[in-house]
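Chemist: I'd like to ask you about the structure that follows.
The values are calculated or read from the model by the stated rules, or taken from the named source; none is laboratory data. Just so it is clear, the model here is predicted, and its values are computed rather than measured. Virtual Cβ from ideal backbone geometry, glycine too; neighbours counted across all protein chains shown. In case anyone asks, the SASA skips ligands and DNA or RNA and just uses the protein heavy atoms, side chains included. Shrake-Rupley method; radii C 1.70, N 1.55, O 1.52, S 1.80 Å.
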Amino acid sequence: MTGGEAPQKSARGAHPRRYLFALIDAGGTVPPELGVVRRLVDRGHSVTVLAGESIADQVQSTGADFLPRASAPSGVFRDWDLSPLGLARAMADHMMIGPAPAQAIDTVAAIDSLQPNLVVASAFAVGAMVAAEARGIPFDLLVPNVYPFPAEGMPPFGAGLTPSHGPLGRTRDRVFSAAGVRLFDRYALAGTNALRAEYGLSPVTTAWDQMRRAQRHLLLTSRSFDFPGRLPAKARYVGPILDDPGWAAGESWAPPAGDDPLVLVAMSSTFQNHVGSMQRIVDAMGMRPVRGLVTTGPAVRPDDIAAEPNVTVIESAPHQEVLRDADVVITHGGHGTVIKALAAGVPLIVLSHGRDQADNAVRVTTRGAGIALSRRASAPRIARALDDVLNTPSYGEAAKRLGADVAREASGSALFEELERRL
């Protein structure tokens, strides 16, 4: 189906609609966001995706129309080198405010041409949000993570903290959250309001208020996985999307020979200076009687890793298939890998490298479904953690309990309820 065709009656009975997705290529966020696109196309809706050329092939594989952006973030986002101050500035410059003016122009043109019923934007696609608001089109945000925006009772995003308890804990959250808002506003607020003024919109008080203008925050995760908090009514847990990325889906795969435990290593699909950490993981597996499978993803070449005899290093594999046989997953803690491992009932060892990964790690460890280590953990330390997870049944049992809830919430019914019936 193309964006210009008249929509046909959905096979599931929902009235067909026209959707415009405005997406940012942030690596691990792409597979779940395009999973939403694919599901809407499969249900008979007309979907156009406005995005950078870097994900053109993946968009086209969903059956949606691809509309290239005039500009996109450029260069490597070197977040592993940055202080919190530098990270806030780089996020604003690289992902949010820097690309926003061109993104707004592209989104306005797409809205005027396609007349969509709804704009669905990546959580930091500020230009698309402003364009939709200026044109009077409702917009939703896709959030393929735990809840990232300031909210009462929710630990500050990115800090890897457990939920607060008592007056001291609530004070901790208020202080951290207020500091985070001020830091973010330092680099994002002026640019956000300048763009809003250009499109005749009133200023926002904080940069986060731009995200609050959305009619819904669609959380592509499990309510059971996230920590409880008093979220705004527009925040809706619609369940995780468990799709493999387009560059790995459909590949053939067979388990390595033997009966030793199978350990899947899946690190970031974007470069986070993680080759050293990955090598130490491989070295650790070489110390133990396991079958190791390392998928490097597009950010690292397999020959950058010196493989042990019991470890296979390849660029990609269909993780959904591998997880049926895996006994442990070792990962940086990206949401997609963590949530897929849990849905398969597989315990984890998480070496978080930044972004939302410490938040995902603490949600795993708090539920007893795995172990968190430093990204700088030595090979012997990783090997000992591997022993613990393989030889302590409670880790697998906890992963299966949590994973049963995750898998149930991945049915898609809540997603369709929001996207199809509430326009």
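Chemist: Counting only residues that are more than 22 Å from residue 416 (Cα to Cα) and in a loop (DSSP other than H, G, I, E, B), how many does region 202-219 have?
Modeler: Looking only at that region, the number is 5.
Chemist: Looking at region 153-168 only, could you name the residues that are part of a loop (DSSP other than H, G, I, E, B), surrounded by fewer than 19 Cβ atoms within 10 Å (Cβ to Cβ) and not polar (S, T, N, Q)?
Modeler: If the condition is that a residue be part of a loop (DSSP other than H, G, I, E, B), surrounded by fewer than 19 Cβ atoms within 10 Å (Cβ to Cβ) and not polar (S, T, N, Q), then 153, 158, 159, 161, 163, 165 are the ones that fit.
Chemist: Sort through 213, 230, 174, 186 and tell me the only one that's in contact (Cβ under 8 Å) with a residue 60 or more places away in the chain, over 22 Å from residue 364 (Cα atoms), open to solvent by 30 Å² or more (accessible area, probe 1.4 Å) and out of contact with any Lys or Arg (no Cβ under 9 Å at 6 or more places or on another chain).
Modeler: Exactly one of 213, 230, 174, 186 is in contact (Cβ under 8 Å) with a residue 60 or more places away in the chain, over 22 Å from residue 364 (Cα atoms), open to solvent by 30 Å² or more (accessible area, probe 1.4 Å) and out of contact with any Lys or Arg (no Cβ under 9 Å at 6 or more places or on another chain), namely 213.
Chemist: Where residues in region 391-419 are more than 19 Å from residue 324 (Cα to Cα) and in contact with a helix residue (DSSP H, G or I) (Cβ under 8 Å, 6 or more places away or on another chain), which of them is surrounded by the most Cβ atoms within 10 Å (Cβ to Cβ)?
Modeler: 419
Chemist: While we're looking at this one, here's another question. Which of the following residues is out of contact with any Pro (no Cβ under 6 Å at 6 or more places or on another chain) and either under 16 Å from residue 261 (Cα atoms) or surrounded by fewer than 22 Cβ atoms within 10 Å (Cβ to Cβ) (or both): 331, 295, 337, 365?
Modeler: So the residue among 331, 295, 337, 365 that is out of contact with any Pro (no Cβ under 6 Å at 6 or more places or on another chain) and either under 16 Å from residue 261 (Cα atoms) or surrounded by fewer than 22 Cβ atoms within 10 Å (Cβ to Cβ) (or both) is 365.
Chemist: Could you please give the count of residues in region 177-207 that are more than 19 Å from residue 158 (Cα to Cα) and small (Gly, Ala, Ser)?
Modeler: Adding up the residues that qualify gives 6.
Chemist: To continue, here is another question. Collect the residues in region 309-319 that are closer than 22 Å to residue 260 by Cβ, under 20 Å from the mean Cα position of the chain (by Cα) and open to solvent by 10 Å² or more (accessible area, probe 1.4 Å), keeping them in residue-number order.
Modeler: Correct list: 319 only.
Chemist: Please give the strands (runs of 3 or more DSSP E) falling wholly within region 234-338 in which 1 or more residues are farther than 23 Å from residue 399 by Cβ.
Modeler: In region 234-338, the matching strands (runs of 3 or more DSSP E) lie at 235-237, 311-314.
Chemist: Let me spell it out: the conditions are (1) open to solvent by less than 50 Å² (accessible area, probe 1.4 Å); (2) modelled with pLDDT of 95 or more; (3) touching a Leu at 6+ places or on another chain (Cβ under 9 Å), and residue 352 meets all of them except one. Which number is the exception?
Modeler: Failing condition for residue 352: (2).
Chemist: Now for a different question. Taking residue 147 and the conditions (1) within 22 Å of residue 205 (Cβ to Cβ); (2) not in a loop (DSSP other than H, G, I, E, B), which numbered condition does it fall short on, given that it satisfies the others?
Modeler: With respect to (1) within 22 Å of residue 205 (Cβ to Cβ); (2) not in a loop (DSSP other than H, G, I, E, B), residue 147 is out only on (2).
Chemist: Just checking, how many residues over region 91-124 are modelled with pLDDT under 95 and acidic (Asp, Glu)?
Modeler: Number satisfying all stated conditions: 1.
Chemist: So, of the residues in region 15-35 that are more than 14 Å from residue 245 (Cβ to Cβ) and either under 15 Å from the mean Cα position of the chain (by Cα) or open to solvent by less than 10 Å² (accessible area, probe 1.4 Å) (or both), which turns out to be modelled with the lowest pLDDT?
Modeler: In the first step, residues of region 15-35 are kept if they are more than 14 Å from residue 245 (Cβ to Cβ); the result is 15-22, 24.
From what's left, either under 15 Å from the mean Cα position of the chain (by Cα) or open to solvent by less than 10 Å² (accessible area, probe 1.4 Å) (or both): 19-22, 24.
On the way: 19: 98, 20: 98, 21: 98, 22: 97, 24: 91.
Taking the candidates together, the pick is 24.
Chemist: What number of residues in region 121-144 are more than 16 Å from residue 108 (Cβ to Cβ) and part of a strand (DSSP E or B)?
Modeler: If we filter region 121-144 for residues that are more than 16 Å from residue 108 (Cβ to Cβ), which is where we start, we get 122-124, 140-144.
Next, only the ones that are part of a strand (DSSP E or B) stay: 122, 140-143.
Selection size over region 121-144: 5.
Chemist: Given (1) out of contact with any Leu (no Cβ under 7 Å at 6 or more places or on another chain); (2) touching a residue at least 60 places away in the same chain (Cβ under 8 Å); (3) open to solvent by 50 Å² or more (accessible area, probe 1.4 Å), identify the lone condition not met by residue 267.
Modeler: Going through (1) out of contact with any Leu (no Cβ under 7 Å at 6 or more places or on another chain); (2) touching a residue at least 60 places away in the same chain (Cβ under 8 Å); (3) open to solvent by 50 Å² or more (accessible area, probe 1.4 Å) one by one, residue 267 breaks only (3).
Chemist: Could I ask something else about it? What residue, among those in region 105-138 that are of a type outside the set (A, V, I, L, M), open to solvent by 10 Å² or more (accessible area, probe 1.4 Å) and closer than 24 Å to residue 190 by Cα, is nearest to the chain's Cα centre (by Cα)?
Modeler: 124
Chemist: Give region 343-399 a look and list any residue that's of a type in the set (D, E, K, R) and part of a helix (DSSP H, G or I), or say none.
Modeler: Across region 343-399, the qualifying residues are 359, 363, 381, 384, 387, 388, 397.
Chemist: If residue 384 satisfies all but one of (1) of a type in the set (Lys, Arg); (2) over 25 Å from residue 278 (Cα atoms); (3) free of Cβ contacts under 8 Å to residues at least 12 places away in the same chain, what's the number of the condition it fails?
Modeler: Condition not satisfied by residue 384: (2).
To keep it simple, each residue is scored yes or no on (1) within 19 Å of the chain's Cα centre (by Cα); (2) farther than 20 Å from residue 96 by Cα.
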site: 157; (1), (2): yes, no
site: 160; (1), (2): yes, yes
site: 167; (1), (2): no, yes
site: 184; (1), (2): no, no
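Chemist: Answer yes if at least one residue in region 189-197 is charged (D, E, K, R) and open to solvent by 10 Å² or more (accessible area, probe 1.4 Å), and no otherwise.
Modeler: Kept after step one, since they are charged (D, E, K, R), are these residues of region 189-197: 196.
From the residues that got through so far, the ones that are open to solvent by 10 Å² or more (accessible area, probe 1.4 Å) too are none.
No - not one qualifying residue is present in region 189-197.
Chemist: Let me ask you something else. Go over the candidates 235, 207, 257 one by one and state the one that is open to solvent by 50 Å² or more (accessible area, probe 1.4 Å), among the small types (Gly, Ala, Ser) and either touching a Lys or Arg at 6+ places or on another chain (Cβ under 9 Å) or in contact (Cβ under 8 Å) with a residue 12 or more places away in the chain (or both).
Modeler: 257
Chemist: Would you confirm whether or not region 378-396 contains a residue that is of a type in the set (Gly, Ala, Ser) and touching a Ser or Thr at 6+ places or on another chain (Cβ under 9 Å)?
Modeler: Looking for residues that are of a type in the set (Gly, Ala, Ser) and touching a Ser or Thr at 6+ places or on another chain (Cβ under 9 Å), one finds none in region 378-396, hence no.
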